[in-house]
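First up is the structure itself, then whatever we jot down about it.
The values are calculated or read from the model by the stated rules, or taken from the named source; none is laboratory data. Just so we're clear, the structure is a prediction, and the values are computed from it rather than from any experiment. Please note: Cβ atoms are built from the backbone with ideal geometry, for glycine as well, and neighbour counts cover all protein chains shown. When the accessible area is computed, the model is the full protein with side chains, heavy atoms only, and any ligands, DNA or RNA have been set aside. Shrake-Rupley method; radii C 1.70, N 1.55, O 1.52, S 1.80 Å.
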Amino acid sequence: MGSFLAACANPGPSHPVDEPFDPYESQNRKVHEFNRSLDRAILRPAGRGYSNFLPDDIETLIGRFAFNLSIPGAIVNNILQGNGKGASEDLYRFAINTTVGLGGFFDPASEMGMPQATDADFGQTLHVWGAREGAYVELPLLGPSTERDTWGKVVDVFTNPLTYAIDEPENYYGTAASVSSRLSDRGRYSDTIDSILYESADSYAQARSLYLQNRRFELGGTEGGSYADPYDDPYSDPYEDPYDE
């Protein structure tokens, strides 16, 4: 375990503390341009068309359903982090929304005043275990990340118990709902995402800065307010609550 926690690269003592650690910038920029091209050609028009076609209420239901299916993975990560309170709260929320909320399409847990879901992931678990953030990387399709969070994304594929508890073809429903929700969000928050990807002087540097500041804030590593990151949370707008009706 110790060797795994130390696997991520670390900036040298001469690296300025206020600058991102980006030793792979040249390759990252190529991936960023690929992601922008893919977004411009496919994701942006598909997201806009999907969002315009689908009624807002249906978009909200699908987003809730997809997010509810992700909660068991968060429960596992809370347990791995030793966060019993977070695991219990997520378990109660999942139980209420899955039963009373008809599989998560509705959110009676929030109406009952229950705490919001922790949305814990394995990247956060690695942070709690002491793994370094590592270098900044931009992943094809997935966008901004770090070495630590990249490992986290890989492990998160296997940490959700529903992956093993639900048989085919039902186990694909969550994937379909997640893809649908991402398309919906790309259309719903098109102006915010476009301003970063297509209107900023350096979209790569802008996306990198927003991701790192937002992620570090989430993990308690920075002071001050949160920043809007278009890649961070696929189920919420950076500036408003999409489920606020």
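Take TRP151: with every protein chain present and a 1.4 Å probe, its accessible area is about 130 Å².
Computed over the chain, the per-residue total of -39500 (n - 2.57) for DSSP H runs of n ≥ 4 gives a 222 nm mean residue ellipticity of -17500 deg cm²/dmol, rounded to 500.
Starting from the Cα gyration tensor of the range 125-187, take the square roots of the eigenvalues, sort them a ≥ b ≥ c, and report rounded, prolate or oblate (rounded when a/c is under 1.5, otherwise prolate if a/b is larger than b/c, else oblate). Oblate, because a/c is 1.5 or more while a/b does not exceed b/c. Peptide packing: for 187-196, 44-53, 68-77, the average count of neighbouring Cβ atoms within 10 Å per residue gives the ranking 68-77, 187-196, 44-53, highest mean first. The GluC sites (Glu not before Pro) of the range 144-221 that meet both conditions, a loop assignment by DSSP and at most 10 other Cβ atoms within 10 Å of the site Cβ, are GLU199. Provide the net charge surrounding LEU219, with neighbours chosen by a C-beta distance below 11 Å and charges set as Lys +1, Arg +1, Asp -1, Glu -1. That works out to -1. Can you classify the chain as rounded, prolate or oblate using the Cα gyration tensor, where a ≥ b ≥ c are the square roots of its eigenvalues, rounded means a/c under 1.5, and otherwise it's prolate if a/b beats b/c and oblate if not? Oblate shape, in that a/c is at least 1.5 and b/c is the bigger or equal ratio.
Report the net charge of residues surrounding CYS8, where surrounding means a beta-carbon distance below 13 angstrom and charges are Lys +1, Arg +1, Asp -1, Glu -1. With Lys, Arg at +1 and Asp, Glu at -1, the net is -1.
Between GLY143, GLY123, GLY220, the GNM of the chain built on Cα springs shorter than 10 angstrom shows GLY220 fluctuating the most. Taking the charge dipole of the chain about its Cα centre, with +1 at Lys and Arg Cβ atoms and -1 at Asp and Glu Cβ atoms, the residue from ALA205, LEU54, ILE193 reaching farthest to the positive side is ALA205. Each label was represented as a point 7 Å from its Cα along the Cα-to-Cβ direction; for ILE58 and ASN10 these points are 5.2 nm apart.
Rolled with a 1.4 Å probe across the full set of protein chains, the surface gives PHE217 an accessible area near 80 Å². The order of ILE166, ILE62 by accessible area, most exposed first and with a 1.4 Å probe, is ILE166, ILE62. Judged by the gyration tensor of its Cα atoms, with axes a ≥ b ≥ c, the range 19-137 is oblate; a/c meets the 1.5 cut and b/c is at least as large as a/b. Largest first, the residues THR99, THR146, THR159, THR118 sort by 1.4 Å accessible area into THR99, THR118, THR159, THR146. Taking HIS127, HIS32 and ordering them by how much accessible surface each has at a 1.4 Å probe, largest first, produces HIS127, HIS32.
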